[in-house]
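One structure is given here, and the rest of the page talks about it.
The values are calculated or read from the model by the stated rules, or taken from the named source; none is laboratory data. Since we're looking at a predicted model, the values are computed, not measured. Please note: Cβ atoms are built from the backbone with ideal geometry, for glycine as well, and neighbour counts cover all protein chains shown. The protein model used for the area step is the full one, side chains on, heavy atoms only, and it has no ligands, DNA or RNA in it. Shrake-Rupley method; radii C 1.70, N 1.55, O 1.52, S 1.80 Å.
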Amino acid sequence: MRWTSIVGAALLAAAGGLGAWGAAAGGAQSDPNVTVSVTYPPERQMFKDGEGAGLARANCQICHSSDYVYTQPPLTKAQWAAEVTKMKRVYGANIQDGDVDAIAAYLVTQNGRE
């Protein structure tokens, strides 16, 4: 038996087990008519004011805490641009192509290196 067949069989067995568990647990389905409220913990720091801060706040903080940026190793502008582009292309961030450079420039002022 090939490796992919073994892995595929294991995944199918696990999925079947999870489906059976869900049914045994009452098979709860999500209700689109129910409103759920979530309270996020306060951030320790916000994106600091500066040119491009509004873009970073509007585009990055949808998914990330600003703490995430400040705890990363300092990146160059090219590296920040690559990260922002990855968020757009790979993870589907709704960032306009023309804003990538401005966001990267801002991020360098917050946690960057030459």
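Using the Cβ atoms and a cut-off under 13 Å, what net charge is assigned to the surroundings of Glu83, where Lys and Arg are +1 and Asp and Glu are -1?
Overall, the nearby charge balance is +3.
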Kindly write out, for the stretch 74-87 in residue order, the coupling ³J(HN,Hα) from the Karplus curve 6.51 cos²θ - 1.76 cosθ + 1.60 (θ = phi - 60°), rounded to whole Hz, with x marking Gly and Pro.
-> x, 10, 6, 4, 4, 5, 5, 4, 5, 5, 5, 4, 4, 4
With Rh as the Kirkwood radius over Cα pairs, the stretch 43-113 has Rg/Rh of 0.91
In whole percent, the fraction of accessible protein surface over the stretch 52-105 that belongs to carbon or sulfur atoms, probe radius 1.4 Å, stands at 55 percent
The long-range amide H neighbours of Gly112, using H built 1.01 Å from N in the peptide plane and a cut-off of under 5 Å, are Leu75
Pseudo-spin-label distance Lys86 to Gln29, built 7 Å along Cα→Cβ, given in nm, is 3.9 nm
In nanometres, what is the gap between the two model label sites at Lys48 and Ile62, each 7 Å from Cα along Cα-to-Cβ?
-> 2.6 nm
